[in-house]
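The values are calculated or read from the model by the stated rules, or taken from the named source; none is laboratory data. Predicted, not measured: the structure shown is a model, and the values here were computed from it. Cβ coordinates were reconstructed from backbone atoms using ideal geometry, including for glycine residues, and neighbour counts include every protein chain displayed.
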Amino acid sequence: MSSPATSPRPVVVWVLAQPGDASLAALEPAPEGVRFVVGAEPEEFDGAPRPDVVFDCWSGPRRVAGVLARTPDLEWLHSRSAGLEGVLVPGLVASPTIVTNGRGAFSQSLAEFVLAALLFFTKDLRRLVRSQEAGQWDEFDPEMLHGRTLGIVGYGDIGRTTAALLRPLWGRVHPAKLEQAAVFIPPALGAATVVALYLLAQRHFGTLAALIAGSILSVLSAHFWYSQVGFIDHHAAVALATTLLIAAGMALLARSSREPEGLRPARRSALAAGVCMGATLLLWPGSLLHVGLVEMGFLGYLLAARRRGHAVGFALRLVIVHAVAFCLLLPFGVASTWQEWGRFSPVVLSAFQPWYFGTATLFCGACAASWSRGWAADTRLQRCGGALGLGAVLLLASGAGSAARFDIGLVIASGMSIGTLFTLFIVPSMYVLLAKDHSLHAAPAAAPQPGHVRHVIPGLTRDP
């Protein structure tokens, strides 16, 4: 007597979606042999059958990580979106789970948005709406899309769908030519960065250091990844820009060490450093970290200046650096408003960057003016104290923009305090300790020979 056939286990799909998602209607009715378990939070899947597939509907990294913690042996995760930045959590990257996405699902919709944007700006629809609201008819010269050449960079599924939609209107769409040229931009930027680093290291540290630095950068995983043929991304350009920024900063310091006094000798180096600072932040506001490292070097050099003339000269050069960066960033930063970050944030290009460089320009100018007049400028300690006082004034200022001045003043005051501590106490103490240790192993000085002329500095040399 044969045993009754057992029905196969249904395929269980956990659907991670928010309540009321209208797209869930496409899952009804469920196909035969498939069972959907829908939940908005990972806790809602506790007690549900083990899933074969997880279907993520833009739930976010936190919820995806919570679901993966409950299914460590998951075989397949599908993302409804084309982008995977909200799905590739560390637990998923380290697991053998197969990940797929909604590639091509939104191509037609995005192609129509491209057409809408082209018509919006070409026909100046804002002006038409304003005229309609004002109840007036304005004469204007119409702009035409027909007959123009459209270039598409990145000829993937969205690019091909956009070209197919717009070809009847244009007739001339050349994605291939632009793409063929654009794919070589990342490796060109990567090679230029290696060459710039080699020349920088060779100039300041020698050929051996340059070879080592260039070789390490050329095989560095991140640099190699972003410099691949066809990898259109801003990081390759950021690497080159920050390398040039460091080179310009070191060139300014080197020129100032050779010709410390006056503004004229190093004005070109100061202009180059200011242009590099502004251009780097325009390219990517996240480069503020690299700018901060260069600023720390400038601050340390300013505090360590031996003579008043040296400190005044370098402060004037820093005025040029920050003024140039301020002029480059002002038109772009002041007009920027971000829904998430607001008008004043260092994370994005906003009013913060012009505020910072404008305040730094005034700060360096005030230091140069006070030191040139001899106000608390005779010794390093007096100059550090005066600069610290200016930072404190910014820190305690109130009124319009006080929040911005407080942040900048806090940076200046804390930086001056740390720089003063290192310049006046820590570095001299370490030097004394090292010199003392070296003197213990030094050979005794030979007795002066007859007829030998001994130069004696009064007040420093004492006869036995």
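Observations, loosely collected:
- Number of the condition not met by VAL64 [criteria: (1) out of contact with any helix residue (DSSP H, G or I) (no Cβ under 6 Å at 6 or more places or on another chain); (2) within 22 Å of VAL11 (Cβ to Cβ); (3) outside any helix (DSSP H, G or I)]: (3)
- Candidate set: region 68-82, residues that are out of contact with any helix residue (DSSP H, G or I) (no Cβ under 8 Å at 6 or more places or on another chain) and exposed (fewer than 15 other Cβ atoms within 10 Å of the Cβ); chosen: the one nearest to LEU110 (Cα to Cα): TRP76
- For GLY83, the conditions (1) within 30 Å of ARG50 (Cα to Cα); (2) touching a residue at least 24 places away in the same chain (Cβ under 8 Å) all hold with the exception of (2).
- Pairs are defined by a Cβ separation below 7 Å, a sequence spacing of at least 6 or placement on different chains, a first member in region 124-148 that is more than 30 Å from ARG167 (Cα to Cα), and a second member that is assigned to a loop (DSSP other than H, G, I, E, B); the pairs so defined are SER131/TRP137; SER131/ASP138.
- Sole exception among (1) surrounded by fewer than 17 Cβ atoms within 10 Å (Cβ to Cβ); (2) farther than 30 Å from ALA164 by Cα; (3) not aromatic (Phe, Trp, Tyr) for SER59, by number: (1)
- Taken together, ALA22, ALA30, ALA65 contain a single residue that is closer than 26 Å to LEU110 by Cα, without any contact (Cβ under 8 Å) to a residue 60 or more places away in the chain and of a type outside the set (S, T, N, Q), which is ALA22.
- Subset of region 256-290 that is hydrophobic (A, V, I, L, M, F, W, C) and surrounded by 22 or more Cβ atoms within 10 Å (Cβ to Cβ) - its residue that is farthest from THR242 (Cα to Cα): ALA266
- Condition check for ALA239: in contact with a Cys (Cβ under 7 Å, 6 or more places away or on another chain), not aromatic (Phe, Trp, Tyr) and not assigned by TED's automatic domain parsing to the domain that holds GLN353: no
- Test: SER7 is surrounded by 15 or more Cβ atoms within 10 Å (Cβ to Cβ) and at pLDDT below 90: no
- Applying the criterion of being modelled with pLDDT of 80 or more and touching a Phe, Trp or Tyr at 6+ places or on another chain (Cβ under 8 Å) to the residues of region 127-157, the residue that is surrounded by the most Cβ atoms within 10 Å (Cβ to Cβ) is SER131.
- Screening GLU85 on (1) part of a loop (DSSP other than H, G, I, E, B); (2) more than 30 Å from the chain's Cα centre (by Cα); (3) surrounded by fewer than 11 Cβ atoms within 10 Å (Cβ to Cβ) shows it passes everything except condition (2).
- Residues of region 205-224 satisfying the condition of being more than 26 Å from the chain's Cα centre (by Cα) and either surrounded by 13 or more Cβ atoms within 10 Å (Cβ to Cβ) or among the polar types (S, T, N, Q) (or both): THR207, ALA209, LEU211
- Some residue of region 238-248 being exposed (fewer than 14 other Cβ atoms within 10 Å of the Cβ) and on the phi < 0 side of the Ramachandran plot: no
- Residue match in region 367-384 (condition: modelled with pLDDT of 85 or more and buried (at least 16 other Cβ atoms within 10 Å of the Cβ)): no
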